[in-house]
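The values are calculated or read from the model by the stated rules, or taken from the named source; none is laboratory data. Just so we're clear, the structure is a prediction, and the values are computed from it rather than from any experiment. FYI the Cβ positions are ideal-geometry reconstructions off the backbone, even for glycines, and counts take in every protein chain you see. What goes into the accessible areas is simple: the full protein's heavy atoms, side chains included, and nothing from ligands, DNA or RNA. Shrake-Rupley method; radii C 1.70, N 1.55, O 1.52, S 1.80 Å.
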Amino acid sequence: AKVKRTRFDAQSVHCTRLEEWIDEYAENLPVHRSFILPSGGLAASTIHVARTICRRAERELVLLLEDIDKETFMFVNRLSDFLFVAARWVAMQQGVTEKIYVHQAG
């Protein structure tokens, strides 16, 4: 049974704001067609680490979906997407090239 408590972001205000930021930052980023490795300098790499931690939290929340409100899960999902775009934006602002994963046939 769901735990009775105050809901997080019941009107999805925080998720909507994150989506606006994602669109704003992504607007001038080059389209990526390959997997981007955590790179782009110290600031961007640090944001990529935060993103991976956020993704780990998201995977743990899947186990709690019956017990938490959906807005919590949606926020963590949007936050990890924002952190990805923010890392790419920081790298671009600093003029640092992102590393693209190249599959080694083998």
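Here is how the numbers come out for the structure above:
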item	result
Total residues in segment 45-73, condition under 30 Å from G95 (Cα atoms) and out of contact with any Phe, Trp or Tyr (no Cβ under 6 Å at 6 or more places or on another chain)	11
Failed condition for S39, given (1) at pLDDT below 95; (2) closer than 24 Å to T97 by Cα; (3) open to solvent by 80 Å² or more (accessible area, probe 1.4 Å)	(3)
V76 vs. criteria open to solvent by 40 Å² or more (accessible area, probe 1.4 Å) and either over 19 Å from A91 (Cβ atoms) or not polar (S, T, N, Q) (or both)	no
Hey, L64 surrounded by 12 or more Cβ atoms within 10 Å (Cβ to Cβ), out of contact with any strand residue (DSSP E or B) (no Cβ under 6 Å at 6 or more places or on another chain) and not β-branched (V, I, T) or not	no
Tally, over segment 79-106, of residues that are modelled with pLDDT of 90 or more, farther than 19 Å from H14 by Cβ and surrounded by 12 or more Cβ atoms within 10 Å (Cβ to Cβ)	9
Failed criterion for R33 (all others in (1) open to solvent by less than 70 Å² (accessible area, probe 1.4 Å); (2) of a type outside the set (F, W, Y); (3) within 20 Å of Y101 (Cβ to Cβ) hold)	(1)
First in segment 15-29 and acidic (D, E), second anywhere and open to solvent by 20 Å² or more (accessible area, probe 1.4 Å) and part of a helix (DSSP H, G or I), Cβ under 7 Å, 6 or more apart	E19/R78
